[in-house]
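For reference, the structure discussed in these notes is given below.
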Ligand SMILES: Cc1cc2nc3c(=O)[nH]c(=O)nc-3n(C[C@H](O)[C@H](O)[C@H](O)COP(=O)(O)O)c2cc1C
């Protein structure tokens, strides 16, 4: 088996609790973004963007998370926990998607597949560079204050990707069995 494929089969998410500095540099994030751009993309619509949250933006993000938590009626303690999440991971990247419903040849589900494939390529590239990462979303991604802060017209904030140097090996939650999703077609007449 090719070494790179063996490494890909080992990819698992690593939560922010299990990562430390250094995170990827901007050049490494750009490289991972190039891998993301290799996702299959019908019509070359590129229906996604990766937006890096700079260190100087963490306080601003914390205020937005806190606003979401207060609007959701959370306790002061939970608002503080939500605030802290803005400081998760040495690097933090927002995944923004724009689905265009008016492209007859490329229905929305195909555009979502492209955005998801791009995210997977992004995570795989980071993994191959030795970083751990986890995609995290939650209701806050749909809060108007966060949408406004990250999105242009008709875009949606889907999730944040926390990235850093792993402090422990990932714990696989499942043993993958290809046969659960792999079969030979037994259609009519076969
Ligand atoms: C768009 C997106 C959003 C996600 N949001 C969350 C989340 O808010 N909380 C969570 O625990 N997992 C979330 N996940 C799942 C984790 O990122 C991760 O994929 C999952 O725990 C499976 O682990 P694995 O990647 O090691 O297989 C999300 C995944 C995606 C693709």
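Any read-out appearing in this document is the output of simple, stated calculations on the displayed coordinates, not a laboratory observation. Keep in mind it's a predicted model, so treat the numbers as computed, not measured. Here the Cβ positions follow ideal geometry from the backbone for every residue, glycine too, while neighbour counts run over all protein chains shown.
Observations on the model:
- The simple spin-label model puts a point 7 Å past each Cα toward its Cβ; for residue 87 and residue 184 those points are separated by 5.9 nm.
- Folded to 0 to 90 degrees: helix 26-36 orientation relative to the chain principal axis, Cα: 40
- Separation of region 159-174 from region 73-97 is 17 Å, based on Cα centroids.
- Inter-probe distance in nm under a simple model that places probes 7 Å from Cα toward Cβ, at residue 52 and residue 137: 2.5
- Scattering profile of the chain at q = 0.10, 0.14, 0.18 Å⁻¹ [log10 I(q)/I(0), Debye over alpha-carbon scatterers]: -0.48, -0.89, -1.28
- Degrees, to the nearest 10: 108-128 long Cα axis against longest axis of the chain: 80
- For the Cα trace of region 70-140, dividing Rg by the Kirkwood Rh returns an Rg/Rh value of 1.10.
- Against the main long axis of the alpha-carbon atoms of the chain, helix 58-71 sits at an angle near 90°.
- Take each peptide in 74-81, 93-100, count the other Cβ atoms within 10 Å of every residue, and average; sorted highest first, the result is 93-100, 74-81.
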